[in-house]
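Report on the structure given below.
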Amino acid sequence: MADMLTRYARLLAASADAHVALQGGTVSRSDDMWLADFGGAAGFANGATLVREPENLEKLTGEALDFANLHDGPGLFYFWGGWPLPEPGAPWRSDGQPPLMIREPAEPPRLPHHVEEVTGDPAEFEATVARAYPLDRAGWRPGRLFGADVHGTGWRLFLGRLDGLPVATAAAYTRDGLTEVNYVSVAPEARGRGFAAAVTFAAACSDPAASAMLLASDLGLPVYRKMGFRELTRFHMWAYER
């Protein structure tokens, strides 16, 4: 389990590095944690990801705060990993323990939904994510998460359409035989129609040889179980409001 947690942590951190650095943000790596920061509100991309069980938590959280405060931009900065964390002290607050899930390589089912891979301008994909979450409450602005060069980073983007209109998203990033599934979103008018499963399958199976991993919400847990995902452990999250 420890090896899998480290592999996933490096996958998660590398996926953030890939577009944070491209967009002009800051990244830093050590033997204990990988840090990435857009310098502004950007969902879960801003954070310190533990890549092994922490030995000196106070030192690591201090380094994470110093890194987060290199920028004055607003938004949350996370400190997280697959190893248990105690209740945090100020200025950190606990931000949940989402299930970490894995799905072994398998063919996706045939579903009656239109899902396409985005290979050109990612603006429509990003706007759909922003509308479905919604990200504008966190100070998001167009181009913040996915610039025009995102396809050169290793990220693959998938967009679901309903009557030709974009309504669902998912993204995939593969490293070391694992695929991170992220940015799964469905616009309000398309919810309950199976689009979440359709775009998630597209991302999870984007590399047929890789196992897919994701952080689920407790609400989404039954859906992912039906898709063949199983729980490995709980991810532990702290958040800092800049």
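Rounded to the nearest 10 square angstrom, residue 174 shows an accessible area of 60 square angstrom against a 1.4 Å probe.
When the surface is traced with a 1.4 Å probe over the full set of protein chains, residue 118 keeps roughly 20 Å² accessible.
Screening the chain for DSSP H helices whose Cα atoms reach 15 Å or more along their own axis and whose mean Kyte hydropathy is at least 0.5 gives 2-22. Here the chain has 50 percent of its accessible surface on carbon and sulfur atoms, given a 1.4 Å probe and all protein chains in place.
Every helix of 4 or more DSSP H residues in the chain counts as -39500 (n - 2.57), and over all residues that averages to -7500 deg cm²/dmol at 222 nm. When the residues 126, 104, 116, 241 are ordered by accessible surface, computed with a 1.4 Å probe over the protein chains alone, the sequence from largest down reads 241, 104, 116, 126. The calculated P(r) of the stretch 1-96, using every Cα pair and 10 Å bins from 0, goes 16, 53, 29, 2 in percent. Ranking 57, 5 from most to least accessible surface, computed with a 1.4 Å probe over the protein chains only, gives 57, 5. Ligands, DNA and RNA aside, residue 94 has an accessible area near 60 Å² when probed at 1.4 Å.
Normalised by 2.2 N^0.38 Å, with N the number of residues, the alpha-carbon radius of gyration of the chain equals 0.97.
The values are calculated or read from the model by the stated rules, or taken from the named source; none is laboratory data. Computed from a predicted model, the values in this text were never measured in an experiment. Keep in mind that these areas ignore ligands, DNA and RNA; they rest on the heavy atoms of the full protein, side chains included. Shrake-Rupley method; radii C 1.70, N 1.55, O 1.52, S 1.80 Å.
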